[in-house]
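Beneath this line is the structure, given in structure tokens, with notes to follow.
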Amino acid sequence: MHTQEVCKHIVVTGKVQGVGFRYYTKKFADAFKLEGWTRNLSSGEVEILAKGDLPCVLNFLQKISYGPSFSRVDSTKVMDIELFTGNLNNLYEIKPDGDQLWA
């Protein structure tokens with residue numbers, strides 16, 4: 001049985017930089033076999049693009065809503081985007097920091 005593939009653009013606020021948050025997201029993205037990326041924003045937020053089967057993305061969202069032990073997640077803004085057709089190389093990566101939101 002094939003499940004629906006989805007793509008989410010996520011912005012996480014709180015104490016989410018300098019606490020291993022991006023590596024935490026990569027750990028669970030890899031565990032759930034997601035494609036995409038994560039990066040710190042100059043605003044102090046973490047931005048995420050996650051693409052994969054719906055149940056896996058939902059489990060991933062649940063994990064990142066808590067974050068690693070030294071973090072504090074104040075809010076998680078999740079936006080559905082049309083299925084990303086760019087080349088993600090079937091992997092999830094940590095990208096360099098950015099100044100502006102990707103989408």
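General remarks:
- On inspection, ALA29 does not qualify as within 14 Å of MET79 (Cα to Cα) and surrounded by 21 or more Cβ atoms within 10 Å (Cβ to Cβ).
- Residue within the range 24-31 that is in contact with a strand residue (DSSP E or B) (Cβ under 9 Å, 6 or more places away or on another chain), in a strand (DSSP E or B) and of a type outside the set (A, V, I, L, M, F, W, C) present: no
- Put simply, of VAL6, VAL11 the only residue that is part of a strand (DSSP E or B) and either out of contact with any strand residue (DSSP E or B) (no Cβ under 8 Å at 6 or more places or on another chain) or more than 16 Å from ASP99 (Cα to Cα) (or both) is VAL6.
- Here is the figure for the range 40-62: residues that are over 17 Å from SER75 (Cα atoms) and touching a residue at least 60 places away in the same chain (Cβ under 8 Å) total 0.
- Number of residues in the range 25-36 that are within 22 Å of GLN100 (Cα to Cα) and at pLDDT 95 or above: the value is 2.
- Residue within the range 45-60 that is in contact with a strand residue (DSSP E or B) (Cβ under 7 Å, 6 or more places away or on another chain), over 19 Å from GLN100 (Cβ atoms) and of a type in the set (S, T, N, Q) present: no
- Within the range 66-91, the set of residues being at pLDDT 85 or above and aromatic (Phe, Trp, Tyr) comprises TYR66, PHE70.
- Count of residues meeting criterion [farther than 14 Å from PHE21 by Cβ, over 9 Å from the mean Cα position of the chain (by Cα) and assigned to a strand (DSSP E or B)] in the range 35-50: 1
The values are calculated or read from the model by the stated rules, or taken from the named source; none is laboratory data. All values reported here derive from a predicted model rather than from experimental measurement. So basically every Cβ, Gly included, is an ideal-geometry build from the backbone, and we count neighbours across all protein chains shown.
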